[in-house]
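Reading through the structure tokens given below for one structure.
The values are calculated or read from the model by the stated rules, or taken from the named source; none is laboratory data. Keep in mind that this is a model prediction, so the values were computed, not measured. Quick reminder, even Gly has a Cβ in these numbers, built from the backbone with ideal geometry, and neighbours come from all protein chains shown.
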Amino acid sequence: MSMHLWIIPLLPLAGAAVNGLLGKRFPRALVNAIALGFTAAPFAMALWVAAQFAGLSPDQIPHIERYATWLSAGAFSAEYGMYLDQLSVIMMLVVTGVGFLIHVYSVGYMEHEGGYYRYFAYLNIFMFFMLTLVLANNYLLMFVGWEGVGLASYLLIGFWFLKKSAADAGKKAFITNRVGDFGFLIALFLLIKHFGTLQYDSLWPLISRYPVETGAAGLLTAIGLLMLVGATGKSAQIPLYVWLPDAMEGPTPVSALIHAATMVTAGVYMVARSHLVFNRAPDAQMAVAVIGTLTAIFAASIGIVQTDIKKVLAYSTISQLGYMFMACGVLDYVGGIFHLMTHAFFKALLFLAAGSVIHGLGGEQDMRHMGGLRKYLPYTFWSMTIATFAIAGLPPFAGFFSKDRILWSAWSSGYHVLWLVGVITAGMTSFYMFRLWFLTFFGKYRGPNPETVAHGHDADAQHAGHTGAVQDAKDAHAAAGSHGHRSPHESPWVMVVPLMILALLSLVGGWAGVPHSLHGSDRFGTFLSPAFNEASATPGAAAATPAEAKPESEDNSTELAFSSISVGLAALGFLAAWWLYYKRPELPERMAKAAGGLYTLLLDKYKIDELYGAVIIQPLILLSTNVFWKGIDQGLIDRAVDGSATDAREASDAMRHMQSGNIRSYAGWVAVGAAAVIAFMVWRGVR
Amino acid sequence: MIPAVDYIRILPELVLSIFGIIVMMVDPVLPEQSPKKPLGVIAVIGVLAALAATAYQPGFYGSAFYNTVSVDTFSVFFHVVVLLIALVVILISFEYLDVQRIRSGEYYALVLFGTVGMMLMSAAVELVLIFIALEISSISTYILAGMRRRAAESAEASLKYFLLGSFATAFFLYGVALIFGATGTTNVYGIAHYFQTQQASVLAYLAVGLMFVGLGFKVASAPFHVWTPDVYEGSPAPVVALMSTGPKAAAFAVLLRVLFATGAPGWFWMVWVSAALSMTLGNIGALVQQNVKRLLAYSSIAHAGYLLVAFAAAKQVGISAAIFYAASYAAMNVGAFAVIGHFASEGEKYVTLDDYAGLGRRSPLLAATLTIFLLSLIGIPVTGGFFAKFYVFSAALQSNLVGLTIIGVINSAIAAYYYLRVIVYMYMRDERVEAPVARIPAGLGVGLAISLVATIYLGVMPGRVLDYAIQSAQDLLK
Amino acid sequence: MVPLSYYLVLSAILFACGVAGFLIKRNIITIFLSIELMLNGVNLSFVAFAAQLNKLEGHIFVFFVMVVAAAEAAVGLAIIIAVFRTRETLNVDRVNLLKL
């Protein structure tokens, strides 16, 4: 039976094609209808497919559809095909569902912006590549999606390209990702070399035959580590996370969709998809866990001191992704994907709510200029509240169940240090999120007075700077001005409704995975875990390998006790934030003065950007200019060739004349090269 | 007595030569100052006829003319690549010649003759013929490089190309002389027989090295690449489209014959170093360029490096990777230079990055097309460039060339930077001076469409071309 | 009879003279002649080998090289004239508009 899965990714592509090619001439309503229609349809179809999937018997899973041979070169071949198992069903639903909601929200958010049709075309292209990534039935097709989402992200970050910082941020994201992508690509080469295929269904049985690489690290460890390099790029983990905070230059719905809910989770998906590799490579798996945990606490510590509302959320995203990696690293893939799902809900909600705040304030992003907004933006406030409680990990919100599951897995599989760091991070998360919550919605409004708009102009100017094409700048400025001058206001319904739906999901989304210790049935885990069974890899040999189900004998009360520790820390974070930013708002100022150095270091994001600039980019440019260009090309070669010049005057004269561009110096290059070749070949011949 | 079938085996070359002569003979008949478009049309017909002749060849595989020409999948593959390049170049030249006021009918004839040379290079299995074919293609391109006669840059490019090209050819020729001395034959199969049966002498090693110098120059691999940026910058853009792909592909075909088909010894590290140097120097040189033609010249050095990586790989996988790379590089690079040539306007005024600022708004279609070619040059999936790189690096890794693969992969990451710079300028910068963009004429449209379709086709359905490449590799080694 | 190696050494010397001439000389015509010297050095090798091995290919090759050299000379002189027209110099060091 074919479910025609190929239709799901192709629908957004069609939408992108229509809007991208013709959208310039369309009225807005039509652009909206096309963009929304071509994302609603895949969502509807994904629901239908999920329903069909539920009806499949276990031996029909994974459901694989093959459409055509993509390339076949010798023994190696790859095909266009789709792969549906529990993992891709969940990813597909999250991507299409959250994606659709964010499209709806964008209709309101981008209303005043120029290049409207372009925006939706890019967004739809992104959906196409993301769905290709999660549904592909081989690594090569996954890589197509992988590169494609990077490209779409580049286009969308740089959407407000008149701002130089936006264009630079886009470029930074793209190039950082390229570094990671090549790690992934080399991993694929290694797979081809040793297994001769990239098709999941033929790859899994081959990998299953390998023993666990304990003691000596081997092939699978190398593959795993290279995949991890790729994942750190896409999912913004240490050391390649630098692009994500900058990516906040893009429109807020883009941050919500790409840089929070979906694209950045591609790394987690890839690690989960390659679980057979990581299961057999303890070193690589350990690296995943350690990098995830380090990133979690590292990013959380930076998040504490950010004042830009979106930057806080960006660092929090990095930190939460760290949790997902930690889960994968301790082999609790279900927990990782569970957190991926709940995080998609509440982080998308946080970004959209933050976008609603920014929208309501006419472009203001600095939390120091906010405050008391709960009066002005009630719906935004309530949805943000739910999201904040969810990310802080307080029961019964979604984040509690997923985060707790991860922490418990870390402890119960013996990684006590990781657990400790994770719990501390949970407390920090709670602190910086409630800090954001209090700063934004409580206290007095610290923004410009609605009547005296001197400061408001700044915000307007910034908002206008966000506009697309030049010809649109004027309109947009007028539009932004028209609502920027008013007092903070609630966003239109088209933005609020997605917020409410996501708020609902952030509330109940975790209930699918209530653990047994809380007398839940963990339906999520029951559903998803077959995808990570060793047995599922080899349909024919279902009984051959025992499923690595966790023994039920774990002490439920211990798990409960650990839950209360993390909840307690979250509550502590809440109290601290309440004390510092609500009760005694003057304290942070004084503390910052007292702590001095540490605070500045945090504020400067540990100076990582500068470090990269100094260590990598600067030397490369210096190398290019001084060594290769001025040194070798102009200095060395020309001088060497000019060695025959007799007197000093002629030499200096020649130096002046003999810039590169001189035929004789070029012939010198060729002659030197030829001499080297001759010497080498004679040596080879004589030897 | 030469059998008739031998003529079929050089039919494409014959057809194209005849059309070249026709162009030369019609040229004086046309009025002095009239546009030379009719000659271009004749040339297009000639190329199409030669394509048809090539399509006819697969039934007549075998060697011809006393074992100097060998027609097999390998030669047919390169014939098709070179002919398609020539077709696109002629199509994009229609408008270019008008705009630049080049009134020389011999332009088209030279393109055709050059193409004949390139085709012969890929079919020849006798070093005498390879040398002559190399010179036919080179001499044509020397002249074409100087076609913008009134521009000092063009004359200079022509002179540089000519002097350095002859200089390098002399090295190649010396290599041929020595290999003749060492093996007593100039036939590729004869040499292969010698290397199989006898211990190679120092002379033979030296000969292989010298031939590599000459061919390395033609393919612009380091350290013999120095001429490339200057010549590409000064030459007319459609000519660059031709000479950065056609002679390069043909020279790579010769290199494949000389290194692989003869089973020549001892060149591995030479190629390894040259590949690493080409990639690194090309990419780093491109980083600071402001002139787009020059930028793509450095990029073409880097691409020669990627291609040489495939040479260093084991021959079972490496040769087909190299062949596929040559084809997809041709598709995307010809396209890129076609856009550049159109946008350069009269006197090639607009060729710096600043002139490209805001192109995305002024000419969305042209900018989008160039973007796709550039993305392909970066190696983004769903384009030919991706598969070319994928295949090359995968071949390299399969041959345990870990070091070279890492160098190549790092270089690909660096390369993204400068290609992206062009895209950033086109879409994300405001123009300071409004450089005019003419409408896209029919010839250019068709030419661009061919390269675009080829670029995408090689990315979406590379299967067939890969099969041909693998078949070619087998034919080459037999 | 003169041994083969004498011819080969002479041929190498001629070739090296050509290379050196290309690198040292400033006049474009002289540089061009240096290339001819290199080609003739190669020709000497061909003939020497052909005589030694008693094979015809070497002789044939020499003829083709001479033909090609003539063609190159024709084209080369035309290009040199074009350069001279635009730059009014035959000093190769001054032909350096394109650089860096």
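Condition first: aromatic (Phe, Trp, Tyr), more than 21 Å from A:Ala284 (Cβ to Cβ), more than 7 Å from every other protein chain (Cβ to nearest Cβ) and in a helix (DSSP H, G or I). Now tell me which residues in the stretch A:153-197 satisfy that.
Result: A:Tyr154, single match.
Can C:Leu77 be described as surrounded by 15 or more Cβ atoms within 10 Å (Cβ to Cβ) and at pLDDT below 95?
For C:Leu77, the condition - surrounded by 15 or more Cβ atoms within 10 Å (Cβ to Cβ) and at pLDDT below 95 - is not met.
Can you find a residue that is within 15 Å of the chain's Cα centre (by Cα) and within 19 Å of B:Phe324 (Cα to Cα) anywhere in the stretch B:120-139?
Yes; the residues of the stretch B:120-139 include at least one that is within 15 Å of the chain's Cα centre (by Cα) and within 19 Å of B:Phe324 (Cα to Cα).
In the stretch B:189-213, what count of residues is obtained for those that are in a helix (DSSP H, G or I), more than 9 Å from every other protein chain (Cβ to nearest Cβ) and surrounded by fewer than 24 Cβ atoms within 10 Å (Cβ to Cβ)?
The number of residues fulfilling the criteria is 8.
Just to verify a result, which residue in the stretch B:269-293, among those that are assigned to a helix (DSSP H, G or I) and of a type in the set (Val, Ile, Thr), is nearest to the other protein chains (Cβ to nearest Cβ)?
Start the filter on the stretch B:269-293 by keeping residues that are assigned to a helix (DSSP H, G or I), which leaves B:269-287, B:292-293.
Okay, now just the ones that are also of a type in the set (Val, Ile, Thr), so B:271, B:273, B:280, B:284, B:292.
Values: B:Val271: 10, B:Val273: 8, B:Thr280: 9, B:Ile284: 5, B:Val292: 14 Å.
Here the residue is B:Ile284.
Given the conditions (1) surrounded by 22 or more Cβ atoms within 10 Å (Cβ to Cβ); (2) at pLDDT 85 or above, report the number of the one that A:Ala73 does not fulfil.
Here A:Ala73 clears every test but (2).
Applying the selection to the stretch B:144-156, what residues are within 12 Å of B:Val239 (Cβ to Cβ), more than 7 Å from chain C (Cβ to nearest Cβ) and not in a helix (DSSP H, G or I)?
Residues satisfying the conditions are B:Met147, B:Arg148.
Consider the stretch B:411-444. How many of its residues are in a helix (DSSP H, G or I) and surrounded by fewer than 16 Cβ atoms within 10 Å (Cβ to Cβ)?
1
So, in the stretch A:78-121, how many residues would count as being among the hydroxyl-bearing types (Ser, Thr, Tyr) and closer than 28 Å to A:Val271 by Cβ?
Here the count works out to 4.
Kindly indicate which of B:Gly360, B:Gly379 is within 13 Å of chain A (Cβ to nearest Cβ) and free of Cβ contacts under 8 Å to residues at least 40 places away in the same chain.
On inspection, the qualifying residue turns out to be B:Gly379.
Do we have any residue at all in the stretch A:131-153 that's closer than 30 Å to A:Gly362 by Cβ and under 14 Å from the mean Cα position of the chain (by Cα)?
The answer is yes, given that some residue of the stretch A:131-153 is closer than 30 Å to A:Gly362 by Cβ and under 14 Å from the mean Cα position of the chain (by Cα).
Hey, among the residues in the stretch A:12-22 that are crowded, with 24+ Cβ neighbours inside 10 Å and not polar (S, T, N, Q), which one's farthest from A:Ala152 (Cα to Cα)? I'd like the intermediate steps shown before the answer.
Here is the first cut: in the stretch A:12-22, the ones crowded, with 24+ Cβ neighbours inside 10 Å are A:12, A:15-16, A:19.
If we keep only those that are not polar (S, T, N, Q) as well, we get A:12, A:15-16.
Numbers: A:Pro12: 13, A:Gly15: 15, A:Ala16: 11 Å.
Restricting to residues being crowded, with 24+ Cβ neighbours inside 10 Å and not polar (S, T, N, Q), the top hit is A:Gly15.
Going by the conditions given, is C:Glu36 farther than 19 Å from C:Leu4 by Cα, more than 7 Å from every other protein chain (Cβ to nearest Cβ) and part of a helix (DSSP H, G or I)?
yes
Within the stretch A:370-394, restricting attention to residues that are out of contact with any Lys or Arg (no Cβ under 9 Å at 6 or more places or on another chain) and not in a helix (DSSP H, G or I), which residue is surrounded by the fewest Cβ atoms within 10 Å (Cβ to Cβ)?
Looking at the filtered set, the residue picked out is A:Lys375.
Does the stretch B:56-69 include one or more residues that are among the β-branched types (Val, Ile, Thr) and in a helix (DSSP H, G or I)?
Taking every residue of the stretch B:56-69 in turn, none turns out to be among the β-branched types (Val, Ile, Thr) and in a helix (DSSP H, G or I).
From A:Val254, A:Val264, A:Val268, A:Val242, which residue is β-branched (Val, Ile, Thr), over 30 Å from A:Asn533 (Cβ atoms) and crowded, with 24+ Cβ neighbours inside 10 Å? Even if it seems obvious, please write down each step before you answer.
On the way: A:Val264 fails: over 30 Å from A:Asn533 (Cβ atoms); A:Val268 fails: over 30 Å from A:Asn533 (Cβ atoms); A:Val242 fails: crowded, with 24+ Cβ neighbours inside 10 Å.
When all the criteria are applied, what remains is A:Val254.
Among the residues of the stretch B:214-268, which ones are assigned to a helix (DSSP H, G or I), of a type outside the set (A, V, I, L, M) and under 10 Å from the mean Cα position of the chain (by Cα)?
Looking only at the stretch B:214-268, we keep the residues that are assigned to a helix (DSSP H, G or I), and these are B:214-218, B:227-234, B:237-243, B:246-261, B:268.
Next, from what is left, pick out any that are of a type outside the set (A, V, I, L, M): B:214, B:216-218, B:227-230, B:232-234, B:238, B:246-248, B:252, B:257, B:260, B:268.
Passing the criteria: B:Lys218, B:Gly246, B:Pro247, B:Lys248, B:Phe252.
Just to be sure I understand, how many residues within the stretch A:54-72 are closer than 15 Å to A:Trp6 by Cβ and either part of a helix (DSSP H, G or I) or out of contact with any Pro (no Cβ under 9 Å at 6 or more places or on another chain) (or both)? Let's see the steps before the verdict.
Initially, the stretch A:54-72 is screened for residues closer than 15 Å to A:Trp6 by Cβ, giving A:63-70.
With either part of a helix (DSSP H, G or I) or out of contact with any Pro (no Cβ under 9 Å at 6 or more places or on another chain) (or both) added as a condition, the list becomes A:63-69.
Residues in the stretch A:54-72 being closer than 15 Å to A:Trp6 by Cβ and either part of a helix (DSSP H, G or I) or out of contact with any Pro (no Cβ under 9 Å at 6 or more places or on another chain) (or both): 7 in total.
In the set B:Leu164, B:Leu134, B:Leu159, which member is hydrophobic (A, V, I, L, M, F, W, C), buried (at least 23 other Cβ atoms within 10 Å of the Cβ) and more than 10 Å from chain A (Cβ to nearest Cβ)?
B:Leu134
Which residues, counting only those in the stretch B:445-468, are closer than 20 Å to B:Arg361 by Cα and touching a residue at least 24 places away in the same chain (Cβ under 8 Å)?
B:Leu448, the sole residue that qualifies.
Just for the stretch C:1-22: of the residues that are within 10 Å of chain B (Cβ to nearest Cβ) and free of Cβ contacts under 8 Å to residues at least 40 places away in the same chain, which one is farthest from B:Val128 (Cα to Cα)?
Filtering first and then ranking leaves C:Phe22.
Kindly list the number of the only condition in (1) away from every other protein chain (no Cβ under 14 Å); (2) under 17 Å from the mean Cα position of the chain (by Cα) that fails for A:Tyr105.
(2)
Starting from residues that are of a type in the set (Phe, Trp, Tyr) and closer than 25 Å to C:Leu4 by Cβ, keep the ones in the stretch C:46-89 and report whichever is farthest from the other protein chains (Cβ to nearest Cβ).
In this case the residue turns out to be C:Phe63.
Give the residues of the stretch A:16-52 that are in contact (Cβ under 8 Å) with a residue 40 or more places away in the chain and either within 24 Å of the chain's Cα centre (by Cα) or outside any helix (DSSP H, G or I) (or both), sorted by residue number.
A:Ala16, A:Phe26, A:Ala35, A:Leu36, A:Phe38, A:Thr39, A:Ala40, A:Pro42, A:Phe43, A:Ala46
Go through (1) more than 15 Å from A:Ile258 (Cα to Cα); (2) of a type in the set (A, V, I, L, M); (3) at pLDDT 90 or above and name the single condition A:Met110 misses.
Just one mismatch for A:Met110, condition (3).
Pairs needed: first member in the stretch B:35-61, farther than 15 Å from B:Ile21 by Cβ; second member anywhere, of a type in the set (Phe, Trp, Tyr); C-beta distance under 8 Å; at least 6 residues apart or different chains.
B:Lys36/B:Tyr107; B:Lys36/B:Tyr108; B:Lys37/B:Phe94; B:Gly40/B:Phe94; B:Gly40/B:Tyr108
Among the residues of the stretch B:157-188, count how many are in contact (Cβ under 8 Å) with a residue 24 or more places away in the chain and not in a helix (DSSP H, G or I).
Number of matching residues: 2.
For B:Ala222, indicate whether it is facing chain A (nearest Cβ under 10 Å), surrounded by fewer than 24 Cβ atoms within 10 Å (Cβ to Cβ) and either in contact (Cβ under 8 Å) with a residue 24 or more places away in the chain or on the phi > 0 side of the Ramachandran plot (or both). Give the derivation first.
On the way: facing chain A (nearest Cβ under 10 Å): yes; surrounded by fewer than 24 Cβ atoms within 10 Å (Cβ to Cβ): no; either in contact (Cβ under 8 Å) with a residue 24 or more places away in the chain or on the phi > 0 side of the Ramachandran plot (or both): yes.
No; evaluated as a whole, the condition is false for this residue.
Return the pairs, sorted by first residue and then second, in which the second residue is charged (D, E, K, R) and assigned to a helix (DSSP H, G or I), the first residue lies in the stretch B:93-105 and is over 12 Å from B:Ala344 (Cα atoms) and at pLDDT 85 or above, the beta carbons are less than 6 Å apart, and the residues are 6+ apart or on different chains.
Pairs found: B:Phe94/B:Lys37.
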